[in-house]
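Here is the structure we will look at.
The values are calculated or read from the model by the stated rules, or taken from the named source; none is laboratory data. Here the structure is a predicted model, which means the values were calculated and not measured. SASA here: full protein model, heavy atoms, side chains in, ligands and nucleic acids out. Shrake-Rupley method; radii C 1.70, N 1.55, O 1.52, S 1.80 Å.
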Amino acid sequence: MVFGPFAALTARASDNPDSQALKNLFEKEKIDIGKIVRQEFIASLKQSGAFPEVDAPQGDARFELTIEEYGLAAAGMHPMSPIHPPLSPQLKVAGKLTGRNGELLWQNSAFLTGLSHRMEGRLFKEILADPRQTREMFTKAAQIVSADLLKDFGPDRDRADFNQESE
């Protein structure tokens, strides 16, 4: 497998043997990207102080998170273009907050790529060999994306600001 600077290995690309190996690892080790993103988003939301309570069943508003993409991508640019470059998580998440009446109160999206230099890369064989560290890699990616998603979200923001989608 040869990676270009923007090529990604995703768990959805089932025709690629490496993608299938990644998918099998996630299934076998119960690495649930949705659960990881949800947990880290809630932690970031609590840390923001925007709400006195998060996860209340009778809340006044509802968050919806959509994982638009996840996988592994070449970690940074490799001038010598190695055949098996280090990889780091790639994650794209969209979020929105709607009121009880369905009114859109806030929306945003955030994206982490291997080119961001915000995470250390690992060789694919290392990723497959150590599920604990692989889970930790994706947890850290979810922490970064959640913080980015909520960067303008907090108790001092007024409602009009939440209706603008950030970059």
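Here is how the numbers come out for the structure above:
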| quantity | calculated |
| --- | --- |
| Accessible surface, 1.4 Å probe, highest first, among residues Thr66, Thr139 | Thr66, Thr139 |
| Cross-link pairs Lys96/Lys125; Lys23/Lys46; Lys30/Lys140; Lys30/Lys125; Lys28/Lys140 - those with Cα-Cα distance over 28 Å | Lys96/Lys125; Lys23/Lys46 |
